[in-house]
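The block underneath contains the structure these notes are about, expressed in structure tokens.
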Amino acid sequence: MAVYLAGRRSYGWRTVEQALTSLGAIAGLVAMTLMVLMVLLSARIPLVDRAIGHDGALGRRGPTAPATRGDHHSEPINQAAVPVLESEITQANSAQVCTVSGATYTTTAYLQSLQSALDQAR
């Protein structure tokens with residue numbers, strides 16, 4: 001809006017043409033703001049991820065933080081991710097599997113724990 005107000009000499013509401021130009025400028029500024037938000041969310045910047053998370057931005061409930069005891073936000077995602085991880089690990093016969101979407105921290109912690117256990121068993 002600051003950009004729109006700063007350039008108010010170019011825009012106006014007196015004629016249909018000016019009104020349409022003003023509405024187009026406002027729509028463009030709103031679209032640009034939303035695109036910047038989309039880039040921030042797709043970049044998975046930790047600060048933004050912790051604040052609202054990718055799933056929260058999409059309107060889905062799901063944690064983006066590491067699981068801890070009593071963390072009711074992480075428990076449902078862990079319950080969904082662990083069976084998928086176990087299945088993928090069994091099929092691959094390796095700890096080198098893809099990250100479960102929406103459970104990045106859970107997947108990372110699980111795979112690190114698995115790799116540590118495998119290393120200790122050797």
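Given the conditions (1) at pLDDT 90 or above; (2) within 30 Å of ILE77 (Cβ to Cβ); (3) of a type in the set (A, V, I, L, M, F, W, C), and given that ALA27 satisfies all but one, which numbered condition is not satisfied?
Of everything listed in (1) at pLDDT 90 or above; (2) within 30 Å of ILE77 (Cβ to Cβ); (3) of a type in the set (A, V, I, L, M, F, W, C), ALA27 misses just condition (2).
Which residues, counting only those in the stretch 80-98, are under 14 Å from ALA109 (Cα atoms) and surrounded by fewer than 12 Cβ atoms within 10 Å (Cβ to Cβ)?
Within the stretch 80-98, GLN96, CYS98 meet the criteria.
Could you tell me how many of the residues in the stretch 71-96 are closer than 18 Å to ALA117 by Cβ, touching a helix residue (DSSP H, G or I) at 6+ places or on another chain (Cβ under 9 Å) and not in a helix (DSSP H, G or I)?
Adding up the residues that qualify gives 2.
The values are calculated or read from the model by the stated rules, or taken from the named source; none is laboratory data. Computed from a predicted structure; not experimentally measured. Because the Cβ atoms are built from the backbone with ideal geometry, glycine has one as well, and the counts that use them run over all protein chains shown.
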